[in-house]
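Please read the structure below before turning to the comments.
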Amino acid sequence: MDMQTQYKLFLQNLQNTFADLTGLTIMIVDKHGELQTDISWEHEAAKERFKRYIVPKDLVNFIRKLDNVKDTLLLDAASGIKIIFTPVKTKENRSIYFVIAGYIDKPQTDEMIANTIRVMPWEENPKAYEELSNKIDQIKTMTEAIASFTKMLDENKARKDFSNLISTNLNSINNGSASIQSLLDTGMFFEEIDFMGLAIKTAKHMFTIDTVIGDHNPMLLGYEFETGEGLMGYSAATKENLFIENMSSDARNRVFAKNKMHVFSLFCFPLFDKNEVIGLLFGGSIREVITNNDFLYDKFTICASLMNNYLLKTRMEKNNKDLQVESQLFEDILKVLQSAKDIKKSLYLLIDLSMNFTDFEFSSFVYKTNSTPNQIEILTRGMSEEEIRDYCHELAKKLMDTDFQTQADEWRMKKTSWNVDVLEFPFILDDAVHGILSIGYKSANSIEKYNRILWNLARASRIILFNNLNDNGTSQNSTELFMNWVEEILLHFRPTQYNRAQQIKITTSKFFMEIGIEETSAIDKIAILSVCGRELVTNVLKDKELIERMTEFYNVLDKKSSGSHLIEAVAAVWTYYTNDKSIESVRDLELIHSEIKTTFSSFIKRQKQSDQTIELTEDLTDEPSAPVNLGLSKREEEVLGEMMKGLSNKEIGGTLFISEHTVKNHVTNILSKLGVVDRSQAIAKMYQMGFGGIKNI
């Protein structure tokens, strides 16, 4: 027997029991006037009269007039019919059923009774009838029993239905079929909730209402508010769950008031990615104040958890997809670099990649070459002939302009004559601008979305251009640029290899001190290249001296020939880390000199002992570490300190009372001494080295 059938049987049995107890005709109807039970008759005559004279619409009209009644009424009609009318109230004090009980205590004709029921209004009798007081109490007891049982069943059913809904939503999140709409519907499961919505973080301190369902003003959709603005902004700022029972007197009701929504009660729960608030789940009532808040608070917590899981999964999938796209782009860029003999063809391939992997409006490259220094090459995708003449020809003129050469920044933003935003990357070598990569974009979101793709394209373009400007490819700037790019690629796409390279660099530096090798300039480059594929060295690297060192390194690993002490030391460290820190693997390198192997074995043993000692004693001293000499002049340290505050060249000049051109020269020297190619890398390197500010140097 299903639950509904059991419930109907309970109502019927309860009604029959109280009909026998009170001697009254009793029926249970819903708010639409439909009978929920078979009528329990006072006697057979009453049954016959009802069947003969009462039609369904009379009962409906009767209920409609009294459906707002909150307490028990005794109704007395002129015909002598006395009716006890009692609402069955459940949660939120709403009536779902009415118990009608009564009898005829005055002899009247059937016709009079029927006419009275049809045409005369029912009158509320303000005074209780003594002879019915006991019966009224009994009918009240009956309605209380119905209310308690109904509430229990409703709560059990709601709990079961909500659990099923949660299970369904979890499955849909896992299988990828969930949506914001379907998850918001979960909150609408509760009749107290009139609307549900989701606000998404779209900028550092800005949220936008992304989706709203239920009763709401359409103006609310797309509304933007800042962290701290209104109740929802307050929830984002404090990272706390909010439930405001009565919003009418709350001055923080800004978001809804601005959008002409009168909200009585509001829930607002922040959604997180680690410690960052990435969204806000909100919902509430526009009909009346929600008083059943403890029950709903718990359920809303579950809804927020579901939405949080969905957003995190969506973010993760997007990040994975972006990573796959960027990784594929990296592979494609490497292919271009490997065949970068024709500069024009190579740069065209990069421009094509910039359009294929993004939603940019256009991409262009304007540059000078070694072979034709007085001739400007213009390469474009996504531009009409008129747009090329308007924009690219203007850039070409700037490349030949001496003033532009001295004023060029690392990048700049501007707008075309046809109102498209552009990001320009001037490529500077030896204080001269040799080319400009331009990207036309739709919105700031595009730049943020494709930030790393842009970075990779700009670096690759710069490498190709600089290698062309230095025919033998041995320019220090060109090699440093390439190595920094490879290191950043490993950090983003091959973190395991990046960490391995860092281990090799650190350990090799310490081992060099052990065996008295003072030449350390090549360690970083060899360590980075050692964890990359050999194709990168043989097909892409242009620095002949570095290629020779890497060839020597590979010959030692392949047991083809011995090498210099420097290369053999690096090979020993590399072998140790790539073979799960096995000393035996180093001993198997047959062509490495025995003194290198022996010294390395002793060195590793002491390092392990030293690590253990540090682990036991590191908390016993607060001695500061020795300062690191970066080779910067006092003025360069001051400029670097201002750079780390995020100041521009112009702002730094104003702070230090020097010209902007002087600042630019200092910045160039700083980048060179730090072995980086731009400000962001310089700042990142300083923090990686443990310097929160220049005063620590």
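The values are calculated or read from the model by the stated rules, or taken from the named source; none is laboratory data. Please read these numbers as outputs of a predicted model, since none were measured by experiment. Here the Cβ is made from the backbone with ideal geometry for all residues, glycine too, and neighbour counts use every protein chain on show.
Quick notes on this one:
- For the range 169-178, the set of residues classified as without any contact (Cβ under 8 Å) to a residue 12 or more places away in the chain and surrounded by 14 or more Cβ atoms within 10 Å (Cβ to Cβ) consists of SER172 only.
- Qualifying positions in the range 451-495 - within 24 Å of the chain's Cα centre (by Cα), aromatic (Phe, Trp, Tyr) and modelled with pLDDT of 75 or more: none
- Test for ASN629: is it modelled with pLDDT under 70, under 28 Å from GLU487 (Cα atoms) and loosely packed, with under 12 Cβ neighbours inside 10 Å: yes
- Evaluated against (1) more than 24 Å from PHE10 (Cβ to Cβ); (2) at pLDDT 70 or above; (3) among the hydroxyl-bearing types (Ser, Thr, Tyr), TYR53 falls short on exactly one condition, (2).
- Sub-9 Å Cβ pairs linking a first residue in the range 212-241 that is under 17 Å from SER265 (Cβ atoms) to a second residue that is of a type in the set (Val, Ile, Thr) and in a helix (DSSP H, G or I), at least 6 apart or interchain, are LEU220/VAL255; GLY230/VAL255; LEU231/VAL255; MET232/VAL255; ASN241/THR301, ordered by first then second residue.
- Residue that is modelled with the lowest pLDDT, among those in the range 173-229 that are among the hydroxyl-bearing types (Ser, Thr, Tyr) and part of a helix (DSSP H, G or I): THR186
- Filter pass, PHE282 being assigned to a strand (DSSP E or B), touching a residue at least 40 places away in the same chain (Cβ under 8 Å) and under 21 Å from ILE213 (Cα atoms): yes
- Unmet criterion (only one of (1) closer than 22 Å to ARG500 by Cβ; (2) touching a helix residue (DSSP H, G or I) at 6+ places or on another chain (Cβ under 8 Å); (3) at pLDDT below 85) for THR575: (3)
- Candidate set from the range 1-45 (those that are of a type in the set (D, E, K, R) and not in a helix (DSSP H, G or I)); member that is modelled with the highest pLDDT: ASP38
- Pick from the range 131-150, criterion small (Gly, Ala, Ser) and touching a residue at least 40 places away in the same chain (Cβ under 8 Å), ranking: surrounded by the fewest Cβ atoms within 10 Å (Cβ to Cβ): ALA145
- Of the criteria (1) among the β-branched types (Val, Ile, Thr); (2) part of a helix (DSSP H, G or I); (3) surrounded by fewer than 20 Cβ atoms within 10 Å (Cβ to Cβ), which one ILE517 fails: (2)
- Residue check, ALA237 in a helix (DSSP H, G or I), hydrophobic (A, V, I, L, M, F, W, C), touching a helix residue (DSSP H, G or I) at 6+ places or on another chain (Cβ under 9 Å) and surrounded by fewer than 16 Cβ atoms within 10 Å (Cβ to Cβ): no
Rundown of residues vs (1) more than 18 Å from TYR234 (Cβ to Cβ); (2) without any contact (Cβ under 8 Å) to a residue 40 or more places away in the chain; (3) assigned to a helix (DSSP H, G or I), yes/no style:
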| residue | (1), (2), (3) |
| --- | --- |
| ASP250 | no, yes, no |
| LYS260 | yes, no, no |
| PRO270 | no, yes, no |
| ASP294 | yes, yes, yes |
| LEU311 | yes, no, yes |
| THR314 | yes, yes, yes |
